[in-house]
Amino acid sequence: MRALSVRDVLLFLGVFGLIAITGFTQSWNVALGILNMGLISAIMALGVNMQWGYAGLFNVGVMGFVALGGLGAVIVSMPPVNEAWAAGGLRVLLALAVGVAAIAAAIFAWNRLKNAGIVRPLALIAILIAGFFAFRGLFDPAVAAIEAVNPATTGYLGGLGLPVLFSWPVGAALAAGAAWIVGKTALGLRSDYLAIATLGIAEIIIAFLKNEDWLSRGVKNVIGVPRPVPYEIDLQNDPGFVERMTGWGFDPVTASAIAVKLGYTALFLAILVLLLWLAQSALNSPWGRMMRAIRDNEVSAEAMGKDVKGRHLQIFILGSAVCGLAGAMMTTLDGQLTPGTYQPLRFTFLIWVMVIVGGSGNNFGAVLGGFLIWYLWIMVEPLGLTIIEFVTSGMADGSWLKDHLLASAAHMRLFTMGLILLLVLRFSPRGLIPER
Amino acid sequence: MDLLNAIVAFLNFVFVPGVAYGSQLALGALGVTLIYGILRFSNFAHGDTMAFGAMATILMTWWLQSLGVSLGPLPTALLALPVGIAATALLVLATDRMVYRFYREQKAAPVILVIVSMGVMFMMNGLVRFIIGVDDQRFADGTRFIISARDFKEMTGLREGLTIKSTAALTVVVAIIVVIALFWFLNKTRTGKSMRAFSDNEDLALLSGISPERVVAITWIIVAALATIAGTLYGLDKSFKPFTYFQLLLPIFAAAIVGGLGNPVGAIAGGFVVAFSEVTITYAWKKVAGYVLPAWEPDGLVQLLSTDYKFAVSFAILIVVLLFRPTGLFKGKAV
C-alpha cells in the first residue's frame, strides 16, 4: 500500500504551484512568508490529526497549547532579568511550590479519607482554602516586586538565555504537561463535554498569559525573541553576502530578506519531514492499528484488553505536544509573544478546517490541508476585495453601500472558511486525501 | 449602619449584576439545551446566532429611531425585537434546511454535527462582521436608571449608593416572562408536549405520529427567539460587539451542562450558578469587608481572582460538576 497516489502528489504540486504563482505575480518575500506559516500550520494540523484522525478525540483547545509553546520560546531564549530574580524570583518559585503542595495534599487527603464520610469533603475544602491563602500571601508581594523592576522594558523574570532552538522541545513539553492535566480530568467525558472542557482550558491559558506579567509580560508583549537565523541587517552589512548577491544580479536588501526566510523554511521543513516520518511510522505500526481500532469501536477494543483510557491520554498528550512545538516555532518566526493576538477562530477552529479539508486520519492530508487553508486564509482577503471592487464598480463613488461593502471585504475570510468546511463535509467528508 | 452599607455595597456590585448576567446566561443556555434535547448535538454556533439576532434587532432599532419612534422610558429595541426574531428564525431555518437536515437524514454521529456547527459558526460570524462590522455599537435609549446612586444616597442617607440600571431590571423582567411562556408552551400545548415526547424517546414519538420535521422546525424558531432575546438583552445591558458573543459560548455551555444538558429547568439554574460564581469570585471585596470588619484593613483588593479569570470560574464549576455528578445538577440526558 503506497502512502501517496499520483492524485495526491498532483494535489501537493497544485498547492505549491499556487504559492509559486504568488511568488511570480506579487513577490517571493510574500510567497515565502505564506510557505513558512504554511509549514507551521501543517505541523499544527498534524497534531490535531493525531488526536482526531487516529483516536477520535475532539480537542478544540489547540489555541492554548500553541500559546504555551510560545511561552516556552520566551522562557528558554530570552535573557534572564537578574534584578527581577533578585527582587522576587525565588519567592515566586516558593509560592508555586506551596500551591502545588496544597493540591497534592488535597488529592492525598481525598484518597486517604475514603471511608471518613462528611470529613472527606470538609478536609478537602479546608486544605484547598488554607493552601490558596498561603499561596496568595507568598505570591502577591513577590509578583509585585518583580513587576516593579523597570516595567517599561522588563518587569518579568526573563528566560534562561539559551539558544532559541532549545525552546522548541521545551514548548512541546509545556503543552504536553498541560495536556496531561486536562487529559487526567476530562478524557473520560463524552466527546462534546471534552470539547467544551478543552475550549475552556484554552481560554484559561490565554488569560494566564495575559495576566501573569511576571512570567510573560502579559499584554505588554515580549518582543525581540532571539533568532536561529541571521538578521537581515547583518547580512546587508556583510560585504561577502552583498558582493555575491550583486554578482548574481539581486538587490542585496531584498536578497537578505529572502535569505532569512529561506533559513526558516529549511528549519521548519526539516522538522515537518521528521514529524511526518514519525507519524507515518506510528500510524502503520501495531500501535497505530490499535489506535484506529479503539477509535472505531471502543467497546470491542476494551474487550480485547486494550487500555482505552491510557491510550487516549497518550495520544492526547502527543498531539498537544506537536501543537506546542508548532507554537514555539511560530513565536520564533514572529520574534515576539503577543498574548492578545491569540483568538480561537484563528488558532483552534482554522486548524480544524485544515484537518477536515485535508483529510482526517491521513497525515499527508493534514499537511496538505495546512498549506492549502493557510494559503486561502491569506489570499481570500485581497481576492474578496478585488471581487467587491468589481461588483461595486458600477456604483456611484461615495455612496454608503459602496463604502460599506469595501470596508467589510476584509471579513469575507471567516465566511469563506466556514463555507469551505461545510462544502467539504457535505460532498467529500473524507477530505482531499482520504484515510487509507 | 455599617452593616447596612455593606449590604447595599453587596447588592450594588454583586447581586444586581449577578442577577442580570444570570438571566442572560439562562436564556442562552435554554437555547443550547433545547437544541441538545431535540436535535441531539452541542450547537457551537449558538453564540453567533445570538450575535446575529442582536444585530438584526439593532438595525431595526436604528431604523425606528430614525423615524422618531420611541417607547418613552423603555428602549426602542423592545419594539424591534419581533423583527429581529423573525430574521433570525429565517436564518436558522434556512441553515437547518441547507446544512443540518442532510446529516439528520443520514443519522450522522453527534460529533459530526458539532463539527458542522463549527462551520456554521464561521459563516454566521463572518456574516455579522460583514453586515455590521466589528466595532462597539450603541443602541440603548430610554431611561438609563431606575435608581441612581445619588438618589439612593439622598433617600436613605447611607454612604453607599445603589444603582439599578433600567436595562438590568428589564433583562430580569423579560427573562421571567420568556421563561414562563416557554414552560407554558412545553407543558400545556400539544406542540410543546410533542416536543418533549420527541426529546424523551424519538422512536416512540415517531410511532405515535409526531412529525419530526415539524418538531425540529418549531425548535429552531423557539431557539431563534431565545437567542435573539438573550443577545439583545446582553447588548442593551453591556454593549454590542460581535466578538463578545463568541466568548459567551463557554459560560453558556457551562450553564447548560451544570444544569444538565437537555433539561430546561437545569439551564436556568445553571445560568445563575455560573453568573454568581463568576461575579463573587472576581469581585474585589475590599469595600464590603471594610464595612463588616472595620478593624481589619486589608492591603489588597480582597479579590480572589482577577476579572480576566472569569472563564476559569465557569470552567472550574463545569469540571467539578462533571466529575462528581456527570448528568448535571438536575438530571440531564446522558447519551
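We did not get these values from a lab; they are worked out from the coordinates using the rules stated. Every value quoted in this text rests on a predicted model; they were computed, and no experiment measured them. For neighbour counting, all protein chains shown are included, and Cβ atoms are generated from backbone atoms with ideal geometry for every residue, glycine included.
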A:Asn362's amide H: which non-local residues (gap 5+, or another chain) put their own amide H closer than 5 Å, with H modeled 1.01 Å from N in plane and none for Pro or chain starts?
none
At q = 0.29 1/Å the base-10 log of I(q)/I(0) from the Debye formula over the alpha-carbon atoms of the stretch A:5-48 is -0.95
In Å³ and rounded to a whole number, note down the convex hull volume per residue for the Cα atoms of the stretch A:267-392.
147
If you take the Cα atoms of the stretch B:1-144, find Rg, then find the Kirkwood Rh from the mean of 1/r over all pairs, what is Rg/Rh?
1.09
What number results when the radius of gyration of the protein assembly as shown, computed over Cα atoms, is divided by 2.2 N^0.38 Å?
1.00
Averaging over every viewing direction, what projected area does the convex hull of the Cα atoms of the stretch A:203-298 cover, in nm²?
11.5
With the convex hull built on the alpha-carbon atoms of the stretch B:181-233, volume per residue in Å³ sits at 69
Over chain B, what relative contact order in percent results from Cα pairs under 8 Å that are six or more residues apart?
32
Report Rg/Rh for the stretch A:292-356, rounded to two decimals, where Rg is the Cα radius of gyration and Rh the Kirkwood radius.
1.15
Could you work out [θ]222 nm for chain A from helices alone, using -39500 (n - 2.57) per DSSP H run of at least four and dividing by all its residues? Round to the nearest 500 deg cm²/dmol.
-23500 deg cm²/dmol
Considering only DSSP states other than H, G, I, E and B, which GluC sites (Glu not before Pro) in the stretch A:199-244 qualify as loop sites with at most 11 other Cβ atoms within 10 Å?
none
Asserting the computed 222 nm helical MRE of chain B (DSSP H runs at least 4 long, -39500 (n - 2.57) per run, divided by residue count, to nearest 500) equals -23000 deg cm²/dmol
Given +1 on the Cβ of Lys and Arg, -1 on the Cβ of Asp and Glu, and no further charges, what dipole in debye does the stretch A:87-244 carry about its Cα centre, rounded to the nearest 20?
880
The long-range amide H neighbours of B:Phe145, using H built 1.01 Å from N in the peptide plane and a cut-off of under 5 Å, are B:Ser166
Which entries of A:Lys306/B:Lys331; A:Lys220/B:Lys286; B:Lys238/B:Lys310 have Cα-Cα distances beyond 20 Å here?
A:Lys306/B:Lys331; A:Lys220/B:Lys286
If one takes the longest principal axis of the Cα atoms in chain B, at what angle in degrees, from 0 to 90 and to the nearest 10, does the Cα axis of helix B:77-95 lie?
30
Placing one equal point scatterer on each C-alpha of the stretch B:232-335 and summing with Debye, one gets log10 I(q)/I(0) at q = 0.15, 0.18 Å⁻¹ equal to -0.72, -0.90
Based on alpha-carbon positions alone, could you give the equivalent ellipsoid semi-axes of the stretch A:81-157 from the gyration tensor, as √(5λ), descending, whole Å?
35, 10, 7
Please work out the Cα center distance from the stretch B:1-69 to the stretch B:151-187, rounded to the nearest Å.
13
Please quote Rg/Rh for chain A to two decimal places, taking the Kirkwood radius as Rh and restricting both calculations to Cα atoms.
1.02
Taking the Cα atoms of the stretch B:2-324 alone, what are Rg (to one decimal) and Dmax (as a whole number) in Å?
21.1, 71
Which ³J(HN,Hα) values, rounded to whole Hz and listed in residue order, are derived for the stretch A:125-141 from phi using the Karplus coefficients 6.51, -1.76 and 1.60 in 6.51 cos²θ - 1.76 cosθ + 1.60 with θ = phi - 60°, glycine and proline given as x?
5, 4, 4, 5, 5, 4, x, 4, 5, 4, 4, 5, x, 7, 6, 4, x
For B:Ser211, B:Ser199, order by how many other beta-carbon atoms lie within 10 Å, fewest first:
B:Ser211, B:Ser199
Computed over the stretch A:347-422, the distribution of all Cα-Cα distances in 5 Å bins, rounded to whole %, is 3, 16, 22, 18, 13, 10, 8, 6, 3, 1, 0
Roughly how large, in nm² to one decimal, is the mean projection of the convex hull of the alpha-carbon atoms in the stretch A:242-321?
7.5
Nitroxide proxy distance, nm - points 7 Å out along Cα→Cβ at B:Leu3 and A:Ala134
3.5
Order these by the 10 Å Cβ neighbour count, fewest first: A:His411, A:His404, B:His46.
A:His404, A:His411, B:His46
Expressed as a whole number, the average count of other chain Cβ atoms within 10 Å around the Cβ atoms of A:411-424 is 6
Going by amide H atoms built from the backbone, whose H comes under 5 Å of the H on A:Leu57, apart from near neighbours?
A:Trp52
